[in-house]
1. Can you report the number of residues in segment 92-138 which are in a loop (DSSP other than H, G, I, E, B), within 23 Å of Leu179 (Cβ to Cβ) and among the basic types (Lys, Arg)?
2. List every residue pair whose Cβ atoms sit under 8 Å apart, with the two residues 6 or more apart in sequence or on different chains, where the first one lies in segment 49-60 and is touching a residue at least 24 places away in the same chain (Cβ under 8 Å) and open to solvent by 50 Å² or more (accessible area, probe 1.4 Å) and the second, anywhere, is of a type in the set (D, E, K, R) and not in a strand (DSSP E or B).
3. Between a first residue in segment 168-197 that is over 22 Å from Thr103 (Cα atoms) and a second residue that is surrounded by fewer than 11 Cβ atoms within 10 Å (Cβ to Cβ), which pairs have beta carbons less than 8 Å apart while being 6 or more apart in sequence or on different chains?
4. Would you check if Thr69 is within 21 Å of the chain's Cα centre (by Cα) and open to solvent by 60 Å² or more (accessible area, probe 1.4 Å)?
5. Residues in segment 103-125: is at least one at positive phi, without any contact (Cβ under 8 Å) to a residue 40 or more places away in the chain, surrounded by fewer than 16 Cβ atoms within 10 Å (Cβ to Cβ) and touching a helix residue (DSSP H, G or I) at 6+ places or on another chain (Cβ under 9 Å)?
6. Going residue by residue through segment 131-139, is there one that turns out to be within 15 Å of the chain's Cα centre (by Cα) and small (Gly, Ala, Ser)?
7. Among the residues in segment 166-188, are any in a helix (DSSP H, G or I) and out of contact with any His (no Cβ under 7 Å at 6 or more places or on another chain)?
8. Anything in segment 63-91 that is part of a loop (DSSP other than H, G, I, E, B), among the hydroxyl-bearing types (Ser, Thr, Tyr) and closer than 17 Å to Pro216 by Cβ? List them, or say none.
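The values are calculated or read from the model by the stated rules, or taken from the named source; none is laboratory data. All figures in this text were calculated on a predicted structure; none of them were measured in a lab. All Cβ positions, even for glycine, are placed from backbone atoms using ideal geometry, and neighbour counts span all protein chains on display. Remember, those area values only see protein heavy atoms, side chains included, never the ligands or the DNA or RNA. Shrake-Rupley method; radii C 1.70, N 1.55, O 1.52, S 1.80 Å.
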Amino acid sequence: MPAAVQEHGAQRKSSPASAEETVDLHVPGGPSTRLITTSYPQKGRMILQRSSPPWLETPFEVFDRGVFTPNDQHYVSWHWATFPGDVDVDSFRLAVRGQVDQTLSLSLKDILQGLPRFEIAAVNQCAGASRIYAEPRVAGAQWANGSMSNAIWTGVRLKDVLDRAGVKSGTIQVRFGGLDEPVMQDAPKFLKSLTIDHARDGEVMIAFAMNGEQLPLLNGFPLRLVVPAGAGSTGSRC
């Protein structure tokens, strides 16, 4: 895990689809070939499903090499194209507001040094995993079998953050938003929610590291939600 949070210098390149290598996904009744790309920051060899916003799929042979997926081949899925190219760690804040006794604005230092840490091993899998093989074909992200990855996540319990804010009686859900923003003015921001009991079960995590390293930018740097045993479980970007 990182000893200190540092400025994240990785930048998104302008031509991520420049790779010439391809992979055949053996799709029945549809386009079967995808580009292999190595053009995204902090990412190795990945299957390019979409470039904007990026959908990068883990090549299936990676899963034969070990239980935990290397960070540079952990799959990527963003919902909006306007995700940040870098993050100012000094000004970044995690906001907790709404049905709470006190509104919180936590810096990364507050998270790293002010709350108990814990680790958990959890698989991150898109709800659309293997959708490309459905017959008849269905709408949605056309993932093959690589929209899943396994990691040891390090962070703080969401329960501890909510307890610090003080959740008011009668609260039903906790809602989460990421750093990606809608492209068009009237488009909705992508949000997810958990029931209050699930959010406070002691396993749901605000993670700042995966596999002992700082989160990659495309996998949620500087903080991401990890929800073991939850569908679409890790927030707006995977």
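1. First pass over segment 92-138, keeping only residues in a loop (DSSP other than H, G, I, E, B): 92-93, 97-99, 101-103, 107, 115-116, 126-130, 134-138.
Narrowing further to those that are within 23 Å of Leu179 (Cβ to Cβ): 92-93, 97-98, 103, 107, 115, 126-128.
Within this subset, residues satisfying the condition of being among the basic types (Lys, Arg) are 93, 97.
Qualifying residue count, segment 92-138: 2.
2. Going by the 8 Å Cβ cut-off, there are no qualifying pairs.
3. Listed by first residue and then by second, the contacts come to Pro182/Pro188.
4. On the way: within 21 Å of the chain's Cα centre (by Cα): yes; open to solvent by 60 Å² or more (accessible area, probe 1.4 Å): no.
Considered against the rule, which asks whether it is within 21 Å of the chain's Cα centre (by Cα) and open to solvent by 60 Å² or more (accessible area, probe 1.4 Å), Thr69 comes out as no.
5. Kept after step one, since they are at positive phi, are these residues of segment 103-125: none.
Within segment 103-125, not a single residue is at positive phi, without any contact (Cβ under 8 Å) to a residue 40 or more places away in the chain, surrounded by fewer than 16 Cβ atoms within 10 Å (Cβ to Cβ) and touching a helix residue (DSSP H, G or I) at 6+ places or on another chain (Cβ under 9 Å).
6. Here is the first cut: in segment 131-139, the residues within 15 Å of the chain's Cα centre (by Cα) are none.
No; the residues of segment 131-139 include none that is within 15 Å of the chain's Cα centre (by Cα) and small (Gly, Ala, Ser).
7. In the first step, residues of segment 166-188 are kept if they are in a helix (DSSP H, G or I); the result is none.
The answer is no, given that none of the residues of segment 166-188 is in a helix (DSSP H, G or I) and out of contact with any His (no Cβ under 7 Å at 6 or more places or on another chain).
8. Let us first name the residues in segment 63-91 that are part of a loop (DSSP other than H, G, I, E, B), namely 65-70, 74-75, 78-91.
With among the hydroxyl-bearing types (Ser, Thr, Tyr) added as a condition, the list becomes 69, 75, 82, 91.
Within segment 63-91, Thr69, Tyr75 qualify.
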